[in-house]
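Okay, so here's the structure we're looking at.
The values are calculated or read from the model by the stated rules, or taken from the named source; none is laboratory data. Every value quoted in this text rests on a predicted model; they were computed, and no experiment measured them. A quick note on method: Cβ atoms are made from the backbone with ideal geometry, for glycine too, and the neighbour counts reach across all protein chains shown. What goes into the accessible areas is simple: the full protein's heavy atoms, side chains included, and nothing from ligands, DNA or RNA. Shrake-Rupley method; radii C 1.70, N 1.55, O 1.52, S 1.80 Å.
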Amino acid sequence: MTVGMALMNEELQNQLSRQGVVLTTVQELYNWGRKNSLWPLQFGLACCAIEMIAASMARFDMARFGAEVFRPSPRQADLMIVSGTVTKKMAPQVVRLYNQMPEPKYVIAMGACAICGGPFRDGYNVLRGIDLYLPVDVYIPGCPPRPEALLDGLIALQKKIAAQRLTGAGRPRHLDANAPGEFPVPEYGAHDLVGPRLPAAEET
Amino acid sequence: MHTLEQIMARVTAALPGVRLEVIPNASPANQASLLLDHEHAREIAKFLRDDPDLRFDYASNATGVDWPEKTVKEKVKVKKIIDGVEKEAEELAERKTPGFLEAVYHLYSMALGQGPLILRLRTGNRTDRVALPSLTPIWRSCEFQEREIFDLFGIEFQGHPDLRRLLMWDNFADHPMRKDYAPADHQEAKP
Amino acid sequence: MIAPPPQLSAPGIGDSVGHDLLEVSLGPHHPSTHGVFRMDVVLDGETVVKLTPVFGYLHRNHEKIAEKNSYLASIPYTDRLDYMCSMTNNWAYVLSVEKLAGLAVPERAEYLRVIVAELTRLFNHACLAGFLLQDMGALGTPMMYAFREREKILDLFESLSGSRMMCNYMRFGGCRCDLPAGWLEQAAKVAADFAPFLDQFEALLSENEILRARCEGVGVLPRDLAVNAGVTGPGLRASGVNYDIRKVDQYGVYSRFKFRVPLGGRGDVFDRYMVRILEMRESLRILDQALRDLPAGAILNPRVKLRNLRPKAGEAYGRIEAPKGELGFYLISDGGPAPYRYRVRPPSLVNLTVLEDMCLGHAIADVVIILGSIDIVLGEVDR
C-alpha cells in the first residue's frame with residue numbers, strides 16, 4: 001500500500017513493518033527499483049577494468065548488489081563505469097557512448113585516471129579526467145581501487161539514487177524536460193581535442 | 001658468436017662500397033652499434049639476415065631518438081694581437097653540433113642464438129632532410145614500430161608499405177616525442 | 001604480404017545479385033577486444049578480406065613521462081604497462097637499468113624474482129584461457145575458475161608487496177622487501193593446489209569438441225612469417241620455433257632450473273592455447289625448484305643509490321621472457337637523473353603484426369578468437 005506523503009516517519013515505518021504492514025512512498029518505491037538493478041555498461045579502458053572484472057567474479061561478487069548484468073550495448077545500460085585512463089583519442093568515443101545510453105543514466109569515475117588523469121596527467125594524449133566532458137556521479141579514488149572500493153562506490157551511488165526527490169528542483173535529469181541528456185562530443189584537432197567542455201569542471 | 005668487428009669485416013668483405021661506422025657505448029652494457037649509410041642500408045640488412053654465418057632473422061626492436069642541435073662551448077687557440085705582439089691566446093668559441101633524428105634497430109638471430117646487433121641510421125637534419133630507408137621489407141617486425149617512429153618523431157621511412165600514424169589520430173600535426181615539443185593545452189604539472 | 005590501404009565500400013563483386021563488401025569497425029568499445037583496440041574489418045559476407053588494426057586509444061605517453069622522471073620513479077609506471085603482469089614488467093625494466101649501470105643483484109633477490117615471475121606467468125596464462133573461452137561463448141565459467149586461482153596468487157602478492165596488481169616490487173639491484181612470515185608455506189600450497197586445478201581445467205576444456213572445432217586449423221601462423229614478423233612468446237613457440245629468452249639469454253638464475261619449452265606443430269589457435277597450458281605446468285616445475293632452493297641473504301644490493309641513480313652516459317637494451325613475449329627496455333643515459341631516451345619494446349604490439357595474415361579468409365567470428373589467442377594487453381600495445 002502506498003501513501004502520497006512526502007516523507008515517512010522512519011520509526012513508524014519500522015514499527016508497522018514488524019507487524020507485517022509495509023508503508024512506503026512513491027519516491028521510495030521508484031528509487032528502490034532503480035538502484036537495486038543498475039546495469040553497467042561493459043566498458044573498461046585500462047588497469048581499473050581488471051579490478052572491475054575481479055569485482056564481478058566469484059570472490060567479490062557484484063551480483064549481490066544487483067549490478068551483475070553487464071551489457072555490451074549502451075542502449076541497454078544504465079551505468080557507465082569509466083575504469084581507466086581516458087585518452088584524448090578515446091574521449092569522443094566515451095562521450096558518444098554516454099550519449100547513446102537512455103536516461104536515467106549514471107557515471108562512476110573509477111580510479112585516479114578517470115578522476116583527474118592520474119599518474120599519466122602530464123601526457124600529451126591524456127585527458128585530465130572524464131568530468132571535463134561528462135557529469136560524474138561518484139568518484140572512486142585509487143590506482144587501482146580495490147574491488148571492495150568499487151562496491152563501496154556502487155553502494156554510494158545507490159544511496160544517491162535513493163535520496164533523489166522525484167519532483168522539485170533537485171529532480172533527476174530524466175524527469176526534467178529542460179536538462180540535457182546528451183553532451184557535446186569533442187573532435188580531433190591538429191594539436192589537441194576541440195570542442196566545448198563542461199563548465200563546472202574546468203581545470204584547477 | 002661474432003663480435004661487432006667481425007660482423008663489420010664480414011659485411012664490408014661481401015659488399016664493397018658500403019660505409020659503416022662503429023658507434024661506441026660507454027656503459028657497462030658494452031653494446032656498441034653500427035652506423036649505416038642510407039644508400040646501402042637495405043642491402044646490408046638483407047645480407048645480415050640471409051648470410052648463413054650471421055642469420056640475423058629477427059629484428060626485435062626499432063626505435064627513434066631525437067638529438068637536437070647542441071651548442072658546444074670549446075676553448076680554441078687563436079692568434080691575437082695583444083699590446084702590439086702577436087701571441088697565442090685561448091678563447092671560448094661556440095660550435096653548433098647539428099641536430100638529427102636517429103632510428104635504432106636491435107637484431108637477434110633465432111636460428112643461431114646470437115645478438116644483439118645494433119644498427120643505427122641517422123637523418124640529415126631535423127627539418128627537411130628527415131627521410132630514411134625503411135627496413136620493413138627485410139624484417140616485417142619493423143612495420144608497426146617504424147610507423148610509430150614516424151608518428152612520434154617525424155622520420156619518413158621510404159619503402160615502408162603503409163606509412164601513416166600509429167598512435168595519434170590522423171590529423172594530429174605534431175611529433176610529440178621530439179625534445180622541443182610543447183603540448184598545446186598544459187605545460188608542467190602544478191605541484 | 002602486406003595488403004594496400006583499405007578502400008571504403010568497393011563496387012559490387014559481380015554476381016547477378018551484386019553485393020558489396022561490408023566495412024565494420026570492431027571496437028574500440030567491444031566486449032571481445034581485450035581493451036580499447038579497434039579493427040577495421042572489410043567483409044565479403046562473413047569472410048574477412050581485409051583487416052586494419054587501429055591503435056592509440058590507450059596511448060598514455062609513458063615514454064615521454066619517463067624522460068622527466070627519475071629512474072626510480074618510472075618503476076610504478078612499468079606496473080601499468082601490461083597491467084595483468086606487473087612483476088615481469090618491473091623485472092624487465094630493472095634488468096635494463098642494471099645492465100646500463102652495471103649493478104649486481106644478490107642471489108636471494110634473483111630467486112625471489114623468479115618465484116614472482118613464474119607466479120605471474122601462471123595466472124596470466126590461466127586468465128588468457130579464461131578470456132579465450134569467454135570469446136568463444138563459454139560465458140563465464142572458465143573465466144570464473146581462472147580468476148579464482150588468480151585471486152589466490154594476488155593474495156600472495158598483496159601480502160608481499162602491499163598491492164594486488166601494481167606491485168612496484170623490484171628495485172635496481174634486488175627487490176623492495178623480503179618475504180613475510182608464512183609466505184613461503186602459503187606459496188608452496190598455492191603451487192601444490194594449482195596442478196589439480198590445471199587437471200580439472202584441462203579435463204573441462206582440452207578435449208571439448210566445441211573448442212577443438214573452433215580452434216583447430218584456425219589462424220595458422222607459419223614458422224618463417226612468425227620469425228620475420230618478430231612474434232615472440234607462446235605464439236612463436238606454437239609455430240614450432242624453439243626460442244625462449246629464459247633459455248637463450250639465461251638472465252637471472254634461470255640457468256639453474258630444469259624446465260622444458262613446449263612447442264606447437266601447426267601454429268593454429270589450438271596450439272597457442274595448448275602451449276600455454278603446458279607452459280603453466282613447466283612454470284610449476286620451476287616454482288617447486290625455486291621455492292625449495294631459495295637461499296638466505298640480502299635482497300638488495302647495498303651499494304646502489306636508488307633515489308638519485310645517475311648511470312654513466314651510454315645505452316643498454318635489456319629483455320626478458322614476459323608471459324606475452326619478449327619485453328625489452330632500451331635506455332639511453334646522458335649522465336643525468338632522468339633517462340635521455342626510454343623505450344619499451346612491447347611484445348603485444350609486435351605480435352599483432354601478423355593479425356591480418358592470420359585472419360584473412362576466416363569468418364568474422366574467428367577474428368575474435370585469433371585476437372584472443374595472440375594475448376594482448378592494451379597498456380603494453382599503446383604504452
Discussion item. Looking at C:K305 and the list (1) in contact (Cβ under 8 Å) with a residue 12 or more places away in the chain; (2) more than 27 Å from C:R256 (Cα to Cα); (3) open to solvent by 30 Å² or more (accessible area, probe 1.4 Å); (4) out of contact with any helix residue (DSSP H, G or I) (no Cβ under 8 Å at 6 or more places or on another chain), which single condition is not satisfied?
Written reply: (1)
Worksheet entry | Filtered residues of segment B:18-57 (kept if facing another protein chain (nearest Cβ under 10 Å), open to solvent by 30 Å² or more (accessible area, probe 1.4 Å) and touching a Gly at 6+ places or on another chain (Cβ under 8 Å)) | B:A26, B:P28
Worksheet item: In segment C:140-171, which residue that is polar (S, T, N, Q) and closer than 17 Å to A:C48 by Cα is farthest from the chain's Cα centre (by Cα)?
Response: C:S163
Worksheet item: So which pairs qualify, if the first residue must be in segment A:24-35 and under 10 Å from A:A163 (Cα atoms), the second must be acidic (D, E), the Cβ gap must be under 9 Å, and the two must be at least 6 apart or on different chains?
Response: none
Worksheet item: If we scan segment A:61-76, do we find a residue that is buried (at least 23 other Cβ atoms within 10 Å of the Cβ) and in contact with a Gly (Cβ under 7 Å, 6 or more places away or on another chain)?
Response: no
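When you scan segment C:206-249, how many residues do you find that are assigned to a loop (DSSP other than H, G, I, E, B) and either open to solvent by less than 10 Å² (accessible area, probe 1.4 Å) or not acidic (D, E) (or both)?
To start, the set of residues in segment C:206-249 that are assigned to a loop (DSSP other than H, G, I, E, B) comprises C:206-208, C:216-222, C:229-233, C:239-244, C:249.
Keeping just the survivors that are either open to solvent by less than 10 Å² (accessible area, probe 1.4 Å) or not acidic (D, E) (or both) gives C:206, C:208, C:217-222, C:229-233, C:239-244.
Looking only at that region, the number is 19.
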Practice prompt. State whether the residues of segment C:312-335 include one that is in contact with a helix residue (DSSP H, G or I) (Cβ under 8 Å, 6 or more places away or on another chain), more than 9 Å from every other protein chain (Cβ to nearest Cβ), touching a residue at least 12 places away in the same chain (Cβ under 8 Å) and surrounded by fewer than 23 Cβ atoms within 10 Å (Cβ to Cβ).
Written response: no
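Quick one: which of C:L198, C:L156, C:L160 is farther than 24 Å from C:E107 by Cβ and part of a helix (DSSP H, G or I)?
Details: C:L156 fails: farther than 24 Å from C:E107 by Cβ; C:L160 fails: farther than 24 Å from C:E107 by Cβ.
Criteria check complete, one pass: C:L198.
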Worksheet entry | Residue ID - most open to solvent (accessible area, probe 1.4 Å), chosen from residues in segment C:64-77 that are more than 10 Å from chain A (Cβ to nearest Cβ) and within 15 Å of C:V344 (Cα to Cα) | C:E67
Worksheet entry | Condition check for A:S83: under 26 Å from A:H174 (Cβ atoms), within 14 Å of chain C (Cβ to nearest Cβ), crowded, with 23+ Cβ neighbours inside 10 Å and among the polar types (S, T, N, Q) | yes
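Kindly indicate whether A:R64 is away from chain C (no Cβ under 12 Å), more than 16 Å from the chain's Cα centre (by Cα) and within 24 Å of A:P184 (Cα to Cα). Working first, answer last.
Working: away from chain C (no Cβ under 12 Å): yes; more than 16 Å from the chain's Cα centre (by Cα): yes; within 24 Å of A:P184 (Cα to Cα): no.
In short, no.
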Worksheet item: What number of residues within segment B:58-111 satisfy the criterion of being under 28 Å from C:E67 (Cβ atoms), open to solvent by 40 Å² or more (accessible area, probe 1.4 Å) and of a type in the set (A, V, I, L, M)?
Response: 1
Item to complete: State yes or no: is A:D131 among the acidic types (D, E), within 14 Å of chain C (Cβ to nearest Cβ) and in contact with a helix residue (DSSP H, G or I) (Cβ under 6 Å, 6 or more places away or on another chain)?
Response: no
Worksheet entry | Counted residues, segment A:168-183 - those being part of a loop (DSSP other than H, G, I, E, B), open to solvent by 30 Å² or more (accessible area, probe 1.4 Å) and under 17 Å from A:G33 (Cα atoms) | 1
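In the set C:Y83, C:Y93, which member is open to solvent by less than 30 Å² (accessible area, probe 1.4 Å) and more than 9 Å from every other protein chain (Cβ to nearest Cβ)?
On the way: C:Y83 fails: more than 9 Å from every other protein chain (Cβ to nearest Cβ).
On inspection, the qualifying residue turns out to be C:Y93.
Sort out for me the strands (runs of 3 or more DSSP E) sitting completely within segment C:1-98 that have 3 or more residues that are out of contact with any strand residue (DSSP E or B) (no Cβ under 8 Å at 6 or more places or on another chain) and at pLDDT below 85.
Here the list is empty.
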Response to the item:
Of the residues in segment A:86-110, those that are over 16 Å from A:F70 (Cα atoms), within 14 Å of the chain's Cα centre (by Cα) and within 11 Å of another protein chain (Cβ to nearest Cβ) number 1
Discussion item. Looking at the structure I just gave you, is C:Y254 open to solvent by less than 10 Å² (accessible area, probe 1.4 Å) and farther than 29 Å from C:A203 by Cα?
Written reply: yes
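Taking into account only those residues within segment C:99-108 that are part of a helix (DSSP H, G or I) and open to solvent by 10 Å² or more (accessible area, probe 1.4 Å), which is nearest to the other protein chains (Cβ to nearest Cβ)? Before you say what the answer is, go through the steps one by one.
Of the residues in segment C:99-108, the ones part of a helix (DSSP H, G or I) are C:99-101, C:107-108.
Still in the list and also open to solvent by 10 Å² or more (accessible area, probe 1.4 Å): C:99, C:101, C:107-108.
Working: C:K99: 4, C:A101: 7, C:E107: 20, C:R108: 23 Å.
Only one residue fits best here, namely C:K99.
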Item to complete: Find all pairs meeting these conditions: Cβ atoms under 8 angstrom apart; at least six residues apart or on different chains; first residue within segment B:31-51 and more than 30 Å from C:E98 (Cβ to Cβ); second residue basic (K, R).
Response: B:D37/B:R19; B:H40/B:R19; B:R49/B:R55; B:D51/B:R10
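Among the listed residues B:E94, B:E102, B:E148, identify the single one that is more than 14 Å from every other protein chain (Cβ to nearest Cβ) and at negative phi.
Values: B:E102 fails: more than 14 Å from every other protein chain (Cβ to nearest Cβ); B:E148 fails: more than 14 Å from every other protein chain (Cβ to nearest Cβ).
On inspection, the qualifying residue turns out to be B:E94.
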